[in-house]
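Nothing in this text is a laboratory measurement; each read-out follows from the coordinates by a stated rule. Quantities reported herein were computed from a predicted structural model and do not represent experimental measurements.
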Amino acid sequence: MNHTSGEIKNNLVNDAYTGGCLSVQTFSDLELYAGPLADKSIAVVLFNRSPNAASITAPWSDIGLKSETQAVVRDLVAHKDIGTFSKSYTSPAIPSHGSMTLKITPK
């Protein structure tokens, strides 16, 4: 069997959390982890494992939201709301081997 690293990670994470509580998307060296929170919002972590700074897009469809949903995106490290978005959120450039931790709350 030939699996991509993203498929393997997704299977491992889903098995570990029984029921797919955490989803993983891998785009080359860019990774997106997402999981539901008790207040109906979604925790999202964006990892840039590449040697260069890069922006990462979190499409709503990849994190369990309908594309027409409007949602408030909050940077949990900076402790500030970034804004309201629909369909997806694209980060500013994340440094090489850096990350961004978000809370996405549907309106």
Would you mind checking which residues have amide H under 5 Å from residue 69's amide H? H placed 1.01 Å from N; only 5 or more apart, or other chain. 87
For residue 64, which sequence-distant residues (separation of 5 or more, or a different chain) have an amide H within less than 5 Å of its own amide H, given hydrogens modelled in the peptide plane? none
Between residue 55 and residues 5 or more places away or on another chain, the pairs with built amide H atoms under 5 Å apart involve 94
